[in-house]
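Working notes, beginning with the structure itself.
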Amino acid sequence: MSIFLEHIISDDFKPSVFLRELQLTGALNRHPELLSLVITPQDPRWHPEGNVWQHTLLVVDVASELRQNLMTQDEQIAFMLGALCHDFGKPYTTQWIDGHFRSRGHDSMGIYPAYSFLKRIDALDYFDSVAKYIIEHLKPTHFYKTRENISDKAIIRLAERIDLNKLILLCKADHWGRTDQEALDRFFPHGDWLIGRYNNIINKPKTNKP
């Protein structure tokens, strides 16, 4: 296991301590995917904590708590890497639109920089899992906000692409890795709604069509 991976799943300190050390020593320059987060702004309405780097530091620390819900070390590593890489697309997509910073499409745009980063830290074995986290990390919130219009099929398709419980853990880390009141209160109804809806779908009695 690489030194980088050992540090982000260490039980001795928060991952942000290691990442801040990289920044302070200049070692962050070796990882342009991380360095670019430092100069990428976010809209203070949703992210009062500051830029994407500040958000990511908070996210990985929350993820470090939540990873204990996963059974194997490989699952935990993939989860932590997903938390670290989830906003890698924002430097490529962030724009000032109608008086706000927006990052439309940052989920799909994060795949290539994640591949480059994982290759550099000798973690490509986790790329498929990390890519799923990146691509799907906005879905629970989007589904919840538009829940009156979300079909059963859309939820089933999402569950076929990624384990919903793991995805919701990542989304909790993302949502709580901020400094607004919802994050401080650890409020995230989106996950309970999605799991409840999914369970209702799969437990529906099957009807025999004539």
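The values are calculated or read from the model by the stated rules, or taken from the named source; none is laboratory data. All figures in this text were calculated on a predicted structure; none of them were measured in a lab. As a convention, Cβ positions derive from the backbone with ideal geometry for all residues, glycine included, and neighbour counts pool all protein chains shown. Surface accessibility is based on the protein's heavy atoms, side chains included, excluding ligands, DNA and RNA. Shrake-Rupley method; radii C 1.70, N 1.55, O 1.52, S 1.80 Å.
Tell me, yes or no, whether the stretch 112-125 has at least one residue that is closer than 26 Å to Tyr198 by Cα, acidic (Asp, Glu) and at pLDDT 95 or above.
Step one: list which residues in the stretch 112-125 are closer than 26 Å to Tyr198 by Cα, which gives none.
No, because not a single residue in the stretch 112-125 is closer than 26 Å to Tyr198 by Cα, acidic (Asp, Glu) and at pLDDT 95 or above.
Quick check on this structure: which one of Arg102, Arg67 is open to solvent by less than 70 Å² (accessible area, probe 1.4 Å), touching a strand residue (DSSP E or B) at 6+ places or on another chain (Cβ under 9 Å) and not polar (S, T, N, Q)? Among Arg102, Arg67, only Arg102 is open to solvent by less than 70 Å² (accessible area, probe 1.4 Å), touching a strand residue (DSSP E or B) at 6+ places or on another chain (Cβ under 9 Å) and not polar (S, T, N, Q). Among the residues examined, His86 does not qualify as within 14 Å of the chain's Cα centre (by Cα), without any contact (Cβ under 8 Å) to a residue 24 or more places away in the chain and open to solvent by less than 40 Å² (accessible area, probe 1.4 Å).
Counting only residues that are free of Cβ contacts under 8 Å to residues at least 60 places away in the same chain, open to solvent by 50 Å² or more (accessible area, probe 1.4 Å) and either under 25 Å from Arg45 (Cα atoms) or in contact with a Ser or Thr (Cβ under 6 Å, 6 or more places away or on another chain) (or both), the stretch 158-182 holds 2 of them. Please work out if Thr72 is crowded, with 16+ Cβ neighbours inside 10 Å, at pLDDT 95 or above and under 23 Å from Phe127 (Cβ atoms). Spelling it out, it is not the case that Thr72 is crowded, with 16+ Cβ neighbours inside 10 Å, at pLDDT 95 or above and under 23 Å from Phe127 (Cβ atoms).
How about the stretch 112-122: which of its residues are out of contact with any helix residue (DSSP H, G or I) (no Cβ under 6 Å at 6 or more places or on another chain) and open to solvent by less than 50 Å² (accessible area, probe 1.4 Å)? Matches in the stretch 112-122: Ser116 only.
Look at the stretch 135-157 and say how many of its residues are part of a loop (DSSP other than H, G, I, E, B) and either of a type outside the set (Ser, Thr, Tyr) or in contact (Cβ under 8 Å) with a residue 60 or more places away in the chain (or both).
Here the count works out to 3.
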